[in-house]
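S.K.: The structure is given below, and queries will be raised subsequently.
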Amino acid sequence: MNDIHEQCLVGRRSVLRHGVTTLAALPFALTGCQVVSIKSPFWATVASIMPGSMDGSPVTRAQIDALPYASVMAWFENTPKAFMVLGEVTANGSLVWVSSNRQILVTRGPFVVRTAGLPEDLTEVRFTDDRIPDLLAAQGTQSRRRIDIQKAQRFDMVLNSFYGRGRPVELTIMGQSHAVLAIDETVQLPDGKKITNTYWVDPETGFCWKSLQNPVPGQPALNLEILKPFAGGPASPA
């Protein structure tokens, strides 16, 4: 994670009421196999930014829109959902998402490129020629990326991907509907096994509103939904 700390930031946001202002100040602390804690950071983050606004009720679309931060929802299958806000934008365009419990995910384009606190964390992702695949253009094509999983001492692990043709679906996120293409990515692992990631993409802009992906092969799949895009526009990188 040191290279993230050392990068020149092109954007920075204080995301917690108590003044979190830099990634270096935030421990990577996703709990166990969960990206959330039992205390539900989904509600806690909103309450910390908008004190007194919750009153025990679920967060609403109006509250999401009123917050001055880009935000996402993240969860593994059968776990509570974590509400996370944008903490930093690094020089290479990676977005650092933070919960009220100081849990962190790092994304680049639609891809999760760092995790923490899992039995095996995703340490780094390297795309061919440092180019993030354009999911619309990638339909029907292949690509390759390499990943590191430091705890397991698995480095330079090659993932070969094939992107299928998107199928049109209606996606609803927190009461907001989007007409998108669901694009499946079939990933072949070095041992020959295959996993499938799915990305829900705007057919006009290529913006990915939701994904179900396996950042660490063999670990639970991660759901990631964009509640409020970075820079406030659907065409912004997420």
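S.K.: I'd like the carbon and sulfur percentage of the solvent accessible area for the range 85-175, probe radius 1.4 Å, heavy atoms only, ligands and nucleic acids excluded.
M.R.: Carbon-and-sulfur percentage of accessible area, whole number: 46.
S.K.: Calculate one ³J(HN,Hα) per residue across the range 143-160 by plugging θ = phi - 60° into the Karplus curve 6.51 cos²θ - 1.76 cosθ + 1.60, and present them in order as whole Hz with x for glycine and proline.
M.R.: 8, 9, 9, 10, 10, 10, 10, 5, 4, 8, 6, 10, 10, 6, 6, 8, 10, 9
S.K.: Expressed in nm to one decimal, what extension gain is obtained for the pair Arg144 and Ala179 from 0.36 nm per residue of sequence separation less their Cα-Cα distance?
M.R.: 9.8 nm
S.K.: Can you spot the aspartates and glutamates whose alpha carbon is less than 15 Å from Lys194's alpha carbon? Ignore those fewer than 8 places along the same chain.
M.R.: Within the straight-line limit of under 15 Å, Lys194 reaches these aspartates and glutamates: Asp184, Glu185.
S.K.: Under a straight-distance cross-link criterion of Cα-Cα below 16 Å, which aspartates and glutamates are reachable from Lys151, leaving out those fewer than 8 residues away in the same chain?
M.R.: Glu120, Asp121, Glu124
S.K.: I want to check the label-to-label distance for Glu120 and Arg167. Put each point 7 Å from Cα in the C-beta direction and report it in nm to one decimal.
M.R.: Going by the 7 Å Cα→Cβ label model, 2.9 nm.
S.K.: What full-extension length gain, to one decimal in nm, is calculated for Phe155 and Asp130 as 0.36 nm per residue of separation minus the Cα-Cα distance?
M.R.: 7.3 nm
S.K.: Enumerate the lysines that Lys210 could reach by cross-link, defined here as Cα to Cα under 18 Å, with residues fewer than 8 away along the same chain left out.
M.R.: Straight-line reach from Lys210, under 18 Å: Lys81, Lys228.
The values are calculated or read from the model by the stated rules, or taken from the named source; none is laboratory data. Source: prediction; values computed, not measured. Reconstructed Cβ throughout: ideal geometry from the backbone, glycine too, with neighbour counts over all protein chains shown. Keep in mind that these areas ignore ligands, DNA and RNA; they rest on the heavy atoms of the full protein, side chains included. Shrake-Rupley method; radii C 1.70, N 1.55, O 1.52, S 1.80 Å.
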